[in-house]
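What follows is a set of notes on a single structure, which appears directly below.
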Amino acid sequence: MKCNTFVRQVKEEHGRHTDATVKVPFLKKCKEAGLLNYLLEEILDKVHSIPEKLMDETTSESDYEEIGSALFDCRLFEDTFVNFQAAIEKKIHASQQRRQQLKEEIELLQDLKQTLCSFQENRDLMSSSTSVSSLSY
């Protein structure tokens, strides 16, 4: 099993090296030809269209697979996912704090409600005792 993993890693590294030897000159040629901005704008247009596609109710499973591959198989997004994970943790922490604040607020409101009920009961008792004493005269 470890051998297979090692072989796969070696192949991936070799593939990356081969890809780099092809891609670097391509990017340099695009830059020389003044087409690098055009290429990057096309990439950005694709990225900007992703939310639309994902929110569309008619998006097919193959569209989801294509988008998933484009996002998750791209090293460009590795840092983004690390940052996204940190954002998730931050949101969880903020939600937990908000939940604690709401719990404390609910406890305070319940205590206030109980106190108000006690005041009302005391007032009702005083009112009825006053009525009884006024009837005695």
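The values are calculated or read from the model by the stated rules, or taken from the named source; none is laboratory data. Source: prediction; values computed, not measured. Cβ atoms come from the backbone with ideal geometry, glycine included; neighbour counts cover every protein chain shown. In case anyone asks, the SASA skips ligands and DNA or RNA and just uses the protein heavy atoms, side chains included. Shrake-Rupley method; radii C 1.70, N 1.55, O 1.52, S 1.80 Å.
For this structure, a couple of remarks:
Conditions (1) open to solvent by less than 100 Å² (accessible area, probe 1.4 Å); (2) modelled with pLDDT of 90 or more; (3) on the phi > 0 side of the Ramachandran plot; (4) out of contact with any helix residue (DSSP H, G or I) (no Cβ under 9 Å at 6 or more places or on another chain), marked per residue:
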residue	(1), (2), (3), (4)
LYS29	no, yes, no, yes
GLU52	no, yes, no, yes
CYS74	yes, no, no, yes
VAL82	yes, no, no, yes
SER95	yes, yes, no, yes
ASP111	yes, yes, no, yes
SER131	yes, no, no, yes
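- Residue match in the stretch 56-64 (condition: surrounded by 10 or more Cβ atoms within 10 Å (Cβ to Cβ) and closer than 30 Å to ALA20 by Cα): yes
- Every condition in (1) under 33 Å from the mean Cα position of the chain (by Cα); (2) assigned to a helix (DSSP H, G or I); (3) modelled with pLDDT of 90 or more holds for GLU57 except the one numbered (2).
- Pairs where the first residue, in the stretch 80-98, is free of Cβ contacts under 8 Å to residues at least 40 places away in the same chain and the second is open to solvent by 100 Å² or more (accessible area, probe 1.4 Å) and assigned to a helix (DSSP H, G or I), C-beta under 9 Å, 6+ apart: PHE81/PHE72
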